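Only the coordinates and a few stated rules stand behind these numbers; no lab work does. Here the structure is a predicted model, which means the values were calculated and not measured. All Cβ positions, glycine included, derive from the backbone under ideal geometry; neighbour counts span all protein chains shown.
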Amino acid sequence: MNMSQTIAGRPPAARRRPGRGLTVGLVIIGLVILLRAFAPQTPADTLADTARDFVTLSISVVIESLPFVFLGIVLSIMVQIWLPEGFLLRRLPKNPAARRVVLSLLGMLLPVCECGNVPLARGLIAKGLTVGESMTFLFAAPILNPVTIITTQQAFGWDSGILVWRIAGGFLIANLIGYIYSRHPKPESLLTPRFQDACALGDHHDAADGKIKRSAGLFTKETSAMLPALFIGAGLAGLIQTAVSRDVLVTLGSNPVWSVLALMALAFVVSICSNVDAFFILSFGATFMPGAIVAFLVFGPMIDIKMLALLRTTFTAKTLVQLTLIVALCSAALGLAINYVV
Amino acid sequence: MSFRRLLRRWQGALLSIVGIVATVWLGVNGQLGLYIHPRYFVFTMVMAVIAAALVVAAFALVPAAEDEHELLDDGGGRWAWLWSAGSILIIVSATVGLLVLPPATLTTATVAKRDLNGSTSNLTQSEADSLVGGDYSTFTVRDWSSLLRQGAGEDFFADKTATVTGFVTPDTSDPENVFFVARFVVACCAVDAQPVGIPVYYPGWQDEYPIDSWVAIESGFDTNPSIISEETIALVPSEITPTDQPAQPYVY
C-alpha cells in the first residue's frame, strides 16, 4: 500500500528569511568543528579491540564511499537541472534492446563507482529512464567503466581471460536484468513509494526557482535519501567483518564449486569499490580457481551489503531480493562454467 | 513546522557536515591514511570541499522545512516516532564514530580474523621473485613476509638484515616466545586490509611490548629456535626499540 501523501499548496513566500538559514548552517558547521577539535586525538583504551575495529572498519567504508556518493549526487544534479531537457535520454536508440546496450556503456562516459551510480540512476529515472533500463545502467556501469577495466587489466593482464570474462559477464547480466524487468507489467511498483512520489513531483517541482536554488534543494533531498543508507550499510559491513573470519572462506579455495560461492560471499561482505577490487582479489589467484575470481569480480560490483543499503532508497525490498538472486545465480553460473568448461 | 519534517529535510545535510568535517580534519592532520589508500586523498578532499559548498548553499537557499510538497511515507501517526528515532540514532552514531572517537588503526583483533600472511596478503610469485637481488635495506614487512612465504630458504636469509617497523601481534602457535612484527596491506581502504608479518623470536616479549604496540627492529634472520612454532625462519634480535605509530601505518 502506498502510504505516501502529498501536502499540496505552496506556503507564504515570506516563510524563509534571507540569511537566517545561512547563519544556522554556519553555526552548525562551527559547532561540529569545535566538537572535533575538543574530542580526543589519540586512541584510548576505552574500547575493546573488537569494538574499536568495528568503528574503524565502518568509518573506512564511509570515508571511502562518501566522495563517490557526493560525485554521484553532483552528476544527478547536472542531469536533472543543468543539462538541457532530454540531453542524454533523447540521444538513446529507440529500440529497447539497443537502448539497454548503450546504457550499459554509459559508465564509459561517467566513471563513477557503484556508490555514485545510485544517485545518478535516481536522477535518470526521474528524467524518464525506465526501471529496467536504470537497472541495466546500475549493474553494468561499475564494471564497464575505464577505471575498472584498466585496474583489472593491470592486475590480471589479458592472457588469463579474467578481464574478458568480467566485461562479458557484467554486460550480459546487466542486459539480462534490464530485459527481465522491461517485461514487468507494473514497473513503477518496483520502486519505493517515496521515490515514486519524488519522481512524480520532479517535473513541476520548484520550476519557478533558479537553477542554483533547485540544485541546493536537490542536494538536500538526495543526501537525505542516500547518506542514512550509506551509514547503515557501513555499520553492517563493519559488523559482519568483525564477526566473520575470512579463514573459513579461504579454506574453500581449491574446490571448483565452493570456491565460487566462497568468493561471492566474500564480495558481498567486503563491499569493496569496483575500481580497485581487482587488486584486492589478485593475491587470491594462487588459492582460488579462475571461475571464483571472475564470480567475485562480477558479483561484487553489482550486489554487496553497502550497495543493497543504497539501492533500498530506490527499490522495494522484494525487488532487491529478486535482483540479488538473479545476479547471484548468473555470477555463480559464470564462475562454474569457467571452472568446469574453460 | 514539526520536528519530524525538519529532521526529514535536513538529516542529509547534517550527515554531510559530519562526514565533511571528519574527512577534512583527517586530511589536514595527515590521518586519511588510517582509512583509505593514498590514491584517493586528493579526490576525497576535493569532493569534501565541493560538498561543503553545496551544504552551505542548501542552508542559504532552501526553505527550512519541506513545506511545498512534503512526502510522508513513514506511516504518518503511529510509527512516525520510530522513523524519527532511527534518524536521530544514525546522526548520533555517525557523530560519535566520526567526530568524538579518536582516529585509530586496525588491531590484533582483526589479524585474528584474517589469515596472517595468507595468500591474500602477500606479493605474487613473480613480484616476490623480482625482489631477490634488490636493495634489502628498503624492504618492507610485506616484502620480507612474501619472501618467507614463497619459500626462500635458510641459505637465502642467512646473510640478510631486516630493518622494519610494525605492530606486535602474537604467533598463535607459540605465543610465549614468538610474535610477529606486522602491518596491514591495503588495496582500497581499511575494509580490505590483510595482515602480513615477520616472525620474531624473543622469549618473554609480552613483558616488554604490549600487543598492538609499535616496534622497530633491525636484525638478521635465523632458524627459529622455538620448537613448537610453525614458523621455521624468524628474526632473532638482541634489541627491539619501541616506536610511535607511523603516519601511514598501512603498506600498499
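Of note:
- Segments A:174-181, A:225-232 sorted - mean Cβ within 10 Å per residue, highest first: A:225-232, A:174-181
- Of the DSSP H helices in chain B, those whose Cα atoms cover at least 15 Å axially and whose Kyte score averages -1.0 or more: B:3-28, B:41-61, B:80-95
- B:Arg39/B:Ser2 FRET efficiency (R0 41 Å; Cβ-Cβ; nearest 0.05): 0.35
- Counting only the Cα atoms, chain B fills a convex hull of 169 Å³ per residue.
- Farthest positive-ward along chain A dipole, Cα basis, beta-carbon charges - from A:Val147, A:Gln196, A:Ala225: A:Gln196
- Packing-based exposure ordering (other Cβ within 10 Å, fewest first) of A:Phe137, B:Phe3: B:Phe3, A:Phe137
- A helix-only calculation puts chain A at -21500 deg cm²/dmol for mean residue ellipticity at 222 nm, using -39500 (n - 2.57) for each DSSP H run of at least four residues, averaged over all residues.
- Selection from B:Tyr201, B:Trp144, B:Ala13 lying farthest towards where the dipole of chain B points positive, charges on Cβ: B:Ala13
- Normalised per residue, the volume of the convex hull around the Cα set of the range A:49-340 (Å³): 125 Å³
- Candidates A:Asn255, A:Asn275, A:Asn95, ranked by Gaussian network fluctuation over chain A, Cα under 10 Å, top entry: A:Asn95
- Per-q log10 I(q)/I(0), the range B:108-243, q = 0.12, 0.13, 0.15 Å⁻¹ (Debye; single scatterer per alpha-carbon; no solvent): -0.42, -0.49, -0.67
- Simple Cβ-charge dipole of chain A, Lys/Arg +1 and Asp/Glu -1, about Cα centre, in debye nearest 20: 1380 debye
- Averaging 1/r across all pairs of distinct Cα atoms in the protein assembly as shown and inverting the result yields a Kirkwood radius of 25.5 Å.
- For the protein assembly as shown, a crude dipole built from +1 on the beta carbon of Lys and Arg and -1 on the beta carbon of Asp and Glu, taken about the Cα centre, is about 3860 debye to the nearest 20.
- Counting neighbouring Cβ atoms within 10 Å and putting the fewest first, the residues A:Thr130, B:Thr243, A:Thr223 line up as B:Thr243, A:Thr130, A:Thr223.
- Residue among A:Ile28, B:Pro102, A:Phe296 farthest towards the positive dipole end of the protein assembly as shown, charges placed on Cβ: A:Ile28
- Dividing the summed helix terms, -39500 (n - 2.57) for each DSSP H run of n ≥ 4, by the number of residues in chain B produces a 222 nm estimate of -11000 deg cm²/dmol to the nearest 500.
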